[in-house]
Amino acid sequence: MKLISLLTDFGDKDNFVGMMKAVILKINPQAKIVDLCHQIKPQGLEEAAFLLAHSFRYFPEGTIHLVVVDPGVGTKRKKILVKTKNYYFVAPDNGVLSATLKLEKPQKIIEITKEKYFLKPVSNTFHGRDIFAPAAAYLSLEEKPESFGKKISKIKELNLPKPHKSKNALSGQIIYIDRFGNLITNIKKASFNRLAKKSFFKIYCGSAVITKISRGYVGGKATAPKALFNSFGNLEIAAPNNSAQKTLSLNRGDTIRVKAQPL
Amino acid sequence: MKLISLLTDFGDKDNFVGMMKAVILKINPQAKIVDLCHQIKPQGLEEAAFLLAHSFRYFPEGTIHLVVVDPGVGTKRKKILVKTKNYYFVAPDNGVLSATLKLEKPQKIIEITKEKYFLKPVSNTFHGRDIFAPAAAYLSLEEKPESFGKKISKIKELNLPKPHKSKNALSGQIIYIDRFGNLITNIKKASFNRLAKKSFFKIYCGSAVITKISRGYVGGKATAPKALFNSFGNLEIAAPNNSAQKTLSLNRGDTIRVKAQPL
Amino acid sequence: MKLISLLTDFGDKDNFVGMMKAVILKINPQAKIVDLCHQIKPQGLEEAAFLLAHSFRYFPEGTIHLVVVDPGVGTKRKKILVKTKNYYFVAPDNGVLSATLKLEKPQKIIEITKEKYFLKPVSNTFHGRDIFAPAAAYLSLEEKPESFGKKISKIKELNLPKPHKSKNALSGQIIYIDRFGNLITNIKKASFNRLAKKSFFKIYCGSAVITKISRGYVGGKATAPKALFNSFGNLEIAAPNNSAQKTLSLNRGDTIRVKAQPL
């Protein structure tokens, strides 16, 4: 029995997610469905790409990751199905899979075109219900990827911001802010360590300067912001029992700089 | 194995939905439960009626649709179970099913009165947990509808707003606004086409005038509002990658007019 | 097949809950998971303790209640597994279980220490994913509680506010406000009845004085606030089809007084 995970920007205000689940279960009553996240901000491709890349590996092998963040719905953007060593992905071809597929190489990329798998009539506004959910459902019934259309060789890339490195500094960006107001940057532990492991370092984030890496969220002066490597391996700025976003007045896209000074 | 769908105004802030699921699974551990929507605004009968009528058909045959939007909880309003050709519905008799039962004729309407199916003690404030969830759960165990009480012949009707038609015009209302700020009207495609198919037409929505029907959300001048028929078959006003609600300052209940002028 | 319920302060904005479910299903693909609530305010131990104590009994016997409200994540606070007559609980040892375990006596308390059940590497910031979810998953595979670590004899207590009683009065607190704006107090029905059953009484809540107990939310003068005993057996102040929180301008922690005057 295959698992289907759902990642969308549909929120929970409407019936969109419920209808996708209905369609899946009508095709495969045995399907098991898990919500990964539905609160991606409308059309938030970068946010969805980030969450998927940091989540997909935690699922059982064979999981079908169904991703519907689809600002181009109804246009000529492709619908794709990707098979990797351990997972399947079903999504619009708009770059939302690109960060993930750098971590888990595609073995097959199929353009979904076979109309026999579509829910008819196909609307121009809700391919999540009419094309993507049915594709994931038929895939969970062991339908072969090749049945859904022809192989293609490339997917669209998303241009995600990367940290800028110089000899004594690293300049990254806040790429995600979680419910707790923790500021997650695109600076990875390995990259930070290459710069700062054998040096004094200063992390500049808004009005704060942080000079050490903490092990976790709690401990030390209660109100001072902390820097730590989070459960994804990214540099994160946190305020103990508080929102770093609010206390530092920082937002997605803002710069976090690390400067090193040899010991 | 029967599926149970849940549609309520309980939101996700509290434990209400979780308790209903607990009660269902205590009675039928094999039950499969799908959330249709829980963010109906408190006591929002019209909104719930709209979402149900546009969703129920996507579920597998035999699905039990459990609807708890229940401003009259604890009063003498009836609790009903309705069997149609393809589905079951369990809900308070307050009109929330009436739009749906115009699309799918009731075969049996049962007033739920048999206390042996209630969770005791029955509270006066949470019949979702104490009466409706148990009824759906026992129904999913193949209990016969007649076991729950006596047949009745009528359900309460909800007075939903209908478009006003004149010779050269159609005047509808915004009846639902989704997460993306799309404005969904009660003007159906067939009705629009009878008026406007062989004519020039103008759609008046707030400060905007729209003179064509688009195929989808994207394309054309990026910021101009668009009119299209959505995945429910209703006339919808959308702003590409933006909220039409915000850009047009329109709200639920506001009027959308279509005027036709012969070619 | 055991059921796992989830109660967290993770909200739905991020992928935290989805990842916990992924980890559970990777260990036990047959696990059945029910969301009790994820919208506990960040670090809201009292709120979580209240919801759990009023919900756990509605679940099937044998349910594993997984509670992750964990302000001390990464510190030396213990991770515990508690077995009672009918249920299992997996949580940080921070008092979040204490109200529940007054209603359902612990038979065994185990400190979770056996690393073979952890997801490696264990982060310092997300024990929900790395320790608690795996523990619940292995427990659902019939692993014995003793396998997870050594027995301990005590858990941490949470100091929950209690009503203050005097001869002719009872002074309680608003301990929870639900989605509908209903004000739930810590005054229990039995306690109220001992004071007020054979007396006139007045309930003072903000600017309002209420002199009777209603059966439910509806009926009587449409706008007057009502007092009733809710589905948990607590005294609750409600405004018919309205938010009592807004109409009375009251909040969590505010005092509700009951005064009795002999007949």
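The values are calculated or read from the model by the stated rules, or taken from the named source; none is laboratory data. No experiment lies behind these values; they were computed from the predicted model shown. Using ideal geometry, Cβ is built from the backbone for each residue, glycine included, and neighbour counts are taken over all protein chains shown.
Details
- Within segment B:176-193, the set of residues being within 14 Å of another protein chain (Cβ to nearest Cβ) and either assigned to a loop (DSSP other than H, G, I, E, B) or under 12 Å from B:Arg257 (Cα atoms) (or both) comprises B:Asp178, B:Arg179, B:Phe180, B:Gly181, B:Asn182.
- Of all residues in segment C:1-54, those satisfying the criterion of being in a strand (DSSP E or B), more than 30 Å from C:Pro161 (Cβ to Cβ) and of a type in the set (A, V, I, L, M, F, W, C) are C:Leu3, C:Ile4, C:Ile33.
- Subset of segment B:46-79 (residues that are within 19 Å of B:Asn159 (Cα to Cα), out of contact with any strand residue (DSSP E or B) (no Cβ under 6 Å at 6 or more places or on another chain) and surrounded by fewer than 24 Cβ atoms within 10 Å (Cβ to Cβ)): B:Glu46, B:Glu47, B:Ala53, B:His54, B:Pro71, B:Gly72
- Failed item, numbered, when C:Ala99 is tested on (1) free of Cβ contacts under 8 Å to residues at least 60 places away in the same chain; (2) closer than 26 Å to C:Lys150 by Cα: (1)
- Residue in segment A:241-251 that is among the β-branched types (Val, Ile, Thr) and touching a Leu at 6+ places or on another chain (Cβ under 7 Å) present: no
- Residues of segment B:207-263 satisfying the condition of being of a type in the set (A, V, I, L, M) and at pLDDT below 90: B:Val218, B:Ala222, B:Ala224, B:Leu263
- Any chance C:Leu119 is within 30 Å of B:Gly11 (Cβ to Cβ) and in a loop (DSSP other than H, G, I, E, B): no
- Residue among B:Ala91, B:Ala99 that is farther than 20 Å from A:Asp12 by Cα, assigned to a strand (DSSP E or B) and small (Gly, Ala, Ser): B:Ala91
Matching residues to (1) touching a His at 6+ places or on another chain (Cβ under 6 Å); (2) in a strand (DSSP E or B); (3) crowded, with 18+ Cβ neighbours inside 10 Å; (4) not assigned by TED's automatic domain parsing to the domain that holds A:Leu45:
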position	(1), (2), (3), (4)
A:Ser171	yes, yes, no, yes
A:Leu195	no, no, yes, yes
A:Tyr217	no, no, yes, yes
A:Leu228	no, yes, yes, yes
A:Ser231	no, no, yes, yes
A:Ala238	no, yes, yes, yes
A:Gln245	no, no, yes, yes
A:Arg252	no, no, no, yes
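- Among the residues examined, A:Pro60 qualifies as under 21 Å from A:Leu139 (Cα atoms) and in a loop (DSSP other than H, G, I, E, B).
- Among the residues listed as A:Leu25, A:Leu6, A:Leu45, A:Leu66, the single one being within 12 Å of chain B (Cβ to nearest Cβ), out of contact with any His (no Cβ under 9 Å at 6 or more places or on another chain) and closer than 26 Å to B:His65 by Cα: A:Leu25
Okay, residues lined up against (1) farther than 21 Å from A:Pro71 by Cβ; (2) at pLDDT 95 or above; (3) part of a loop (DSSP other than H, G, I, E, B):
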{"residue": "A:Ile131", "(1), (2), (3)": "no, yes, no"}
{"residue": "A:Ala135", "(1), (2), (3)": "no, yes, no"}
{"residue": "A:Leu139", "(1), (2), (3)": "yes, yes, no"}
{"residue": "A:Leu158", "(1), (2), (3)": "no, no, yes"}
{"residue": "A:Ile174", "(1), (2), (3)": "yes, yes, no"}
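- Taking segment C:170-216 as the range and being in contact with a Pro (Cβ under 7 Å, 6 or more places away or on another chain), of a type in the set (Ser, Thr, Tyr) and within 20 Å of C:Leu250 (Cα to Cα) as the test, only C:Ser171 passes.
- Filter pass, A:Val17 being out of contact with any helix residue (DSSP H, G or I) (no Cβ under 8 Å at 6 or more places or on another chain) and either crowded, with 23+ Cβ neighbours inside 10 Å or closer than 16 Å to A:Phe89 by Cβ (or both): yes
- B:Gly72 vs. criteria closer than 17 Å to C:Gly219 by Cβ and either in the same structural domain as B:Ala49 (by TED's automatic domain parsing) or assigned to a strand (DSSP E or B) (or both): yes
- Neighbours by Cβ (under 6 Å, 6+ apart or cross-chain): first from segment C:25-44, closer than 17 Å to C:Phe126 by Cα and in the same structural domain as C:Pro134 (by TED's automatic domain parsing); second buried (at least 19 other Cβ atoms within 10 Å of the Cβ) and among the small types (Gly, Ala, Ser): C:Ile40/C:Ala48
- Test: residue in segment C:128-144 that is among the acidic types (Asp, Glu), farther than 30 Å from A:Arg57 by Cα and surrounded by 17 or more Cβ atoms within 10 Å (Cβ to Cβ): no
- Tally of residues being without any contact (Cβ under 8 Å) to a residue 60 or more places away in the chain and either of a type in the set (D, E, K, R) or closer than 14 Å to A:Phe192 by Cβ (or both) across segment A:238-263: 0
So that you can scan it fast, the table gives a plain yes or no per residue for (1) in contact with a helix residue (DSSP H, G or I) (Cβ under 9 Å, 6 or more places away or on another chain); (2) surrounded by fewer than 19 Cβ atoms within 10 Å (Cβ to Cβ); (3) within 14 Å of chain B (Cβ to nearest Cβ):
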{"site": "A:Tyr87", "(1), (2), (3)": "yes, no, no"}
{"site": "A:Asp93", "(1), (2), (3)": "no, no, no"}
{"site": "A:Leu97", "(1), (2), (3)": "yes, no, no"}
{"site": "A:Lys102", "(1), (2), (3)": "yes, yes, no"}
{"site": "A:Lys108", "(1), (2), (3)": "yes, yes, no"}
{"site": "A:Thr113", "(1), (2), (3)": "yes, yes, no"}
{"site": "A:Phe118", "(1), (2), (3)": "yes, yes, yes"}
{"site": "A:Val122", "(1), (2), (3)": "yes, yes, yes"}
{"site": "A:Thr125", "(1), (2), (3)": "no, no, yes"}
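- Failed criterion for A:Lys154 (all others in (1) under 30 Å from A:Pro225 (Cα atoms); (2) surrounded by fewer than 22 Cβ atoms within 10 Å (Cβ to Cβ) hold): (1)
- The condition of being within 20 Å of the chain's Cα centre (by Cα) and exposed (fewer than 15 other Cβ atoms within 10 Å of the Cβ) holds for only one of B:Asn159, B:Asn186, that being B:Asn159.
- Residue count for segment C:69-78, restricted to those that are in contact (Cβ under 8 Å) with a residue 24 or more places away in the chain and either away from chain A (no Cβ under 14 Å) or among the β-branched types (Val, Ile, Thr) (or both): 3.
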